[in-house]
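Trainee: Quick one: this structure, given as structure tokens, is what I'll be asking you about.
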Amino acid sequence: MAIGVASLAVARRDLATTPHGDGRAVMLLPGLFNSDRSNVFLRRYLRQIGYDANGWGLGRNFGARTIGAEGEILFAAIEATAATAGPVTLIGVSLGGVMARLASHRIPGAVREVITIASPYAGDPRATNVWRIFEWLTGERIDSDGVIARRAEIAAPLPVPATAIWSASDGIVNGLICHAPDEAGCRAIEVRASHMGVQHRPQVLRAVAEVLAGTQDFRHSREGGNP
């Protein structure tokens, strides 16, 4: 994470040239075990360029223990924001992105767009180095019938525009299950970054800003930058 934060200081001038936002509501969903504090730099950056970016306000992400067995606690938070600000753009890091995809299927009227960052939604959870930790922290078994059914739902094409930001050099999850090359309606953006602190990387911040502004035109694109 320290490397990612340091790279932000170096790239500050370049990041200031990204398109200005339209004031839309953006909710940031943290990764496993993390809280809104893990997304503080991403949140500040999005606010600086003109978005109403906020955390999810649910504390640490312990999976179903945090969002409810069927995601009902998270869905209620999204719908509450949408009731006052209109459909919400969801940006999720790792497990947070997986949850964002689930929300777009379950409450599509409250979700405007989904951007996932290093989120392993498109393959076997065992293609990560943290699946046992996931089971321990969330209390769910990845091979249970309920989780298998939910995984299939999450991997299905979304009813809203989607972007998957992924890295082949992730190191924690297999980047190949963080995007689905043939998924309709979802663009894939490859970056060079490790998993820890990926949301702080300048090329990730720029990619997010360009997607939100509609200037990231290619369905499959690659961003440069240091890992």
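Trainee: How big is the equivalent ellipsoid of segment 49-175 along its three axes, where each semi-axis is √(5λ) from the Cα gyration tensor, reported in whole Å from largest to smallest?
Mentor: Taking √(5λ) for each Cα gyration eigenvalue gives 23, 17, 14 Å.
Trainee: Calculate, for the chain, the solvent-accessible area per residue in square angstrom, rolling a 1.4 angstrom probe over the heavy atoms of the protein chains.
Mentor: 44
Trainee: Could you work out the mean projected area of the convex hull around the alpha carbons of segment 102-227, in square nanometres to one decimal?
Mentor: The directionally averaged projection comes out at 7.7 nm².
Trainee: Shifting gears a bit: Sort largest first and round to whole Å: the equivalent ellipsoid semi-axes of segment 125-190, each the square root of five times a Cα gyration tensor eigenvalue.
Mentor: 22, 17, 8
Trainee: If you average over every viewing direction, what projected area does the convex hull of the Cα atoms of segment 1-121 give, in nm²?
Mentor: 7.3
Trainee: Report the antiparallel proportion of the DSSP beta bridges in the chain as a percent, rounded to a multiple of 5.
Mentor: Around 5 percent of the beta bridges assigned by DSSP in the chain are antiparallel ones.
Trainee: Same structure, new question: Please compute the net charge surrounding G50, taking Lys and Arg as +1 and Asp and Glu as -1 over other residues with Cβ under 12 Å from its Cβ.
Mentor: So the surrounding residues net to 0.
Trainee: If I compute solvent accessible area with a 1.4 Å probe over the protein chains, what percent of it on segment 51-210 is carbon and sulfur?
Mentor: For segment 51-210, the apolar C and S fraction of the accessible surface comes to 56 percent.
Trainee: What do you get for Rg/Rh over the chain if you use C-alpha atoms and the Kirkwood form of Rh?
Mentor: Over the Cα atoms of the chain, Rg/Rh equals 0.93.
Trainee: Tell me the accessible surface of S169 in square angstrom (1.4 angstrom probe, heavy atoms of protein chains only), to the nearest ten.
Mentor: 60
Trainee: Separate question: 5 Å is the cut-off here: which amide hydrogens, built 1.01 Å from N in the peptide plane, fall below it relative to A188, excluding neighbours closer than 5 in sequence?
Mentor: A164, H220, S221
The values are calculated or read from the model by the stated rules, or taken from the named source; none is laboratory data. Everything numeric in this text was worked out from a predicted model, so none of it was measured. Cβ coordinates were reconstructed from backbone atoms using ideal geometry, including for glycine residues, and neighbour counts include every protein chain displayed. The protein model used for the area step is the full one, side chains on, heavy atoms only, and it has no ligands, DNA or RNA in it. Shrake-Rupley method; radii C 1.70, N 1.55, O 1.52, S 1.80 Å.
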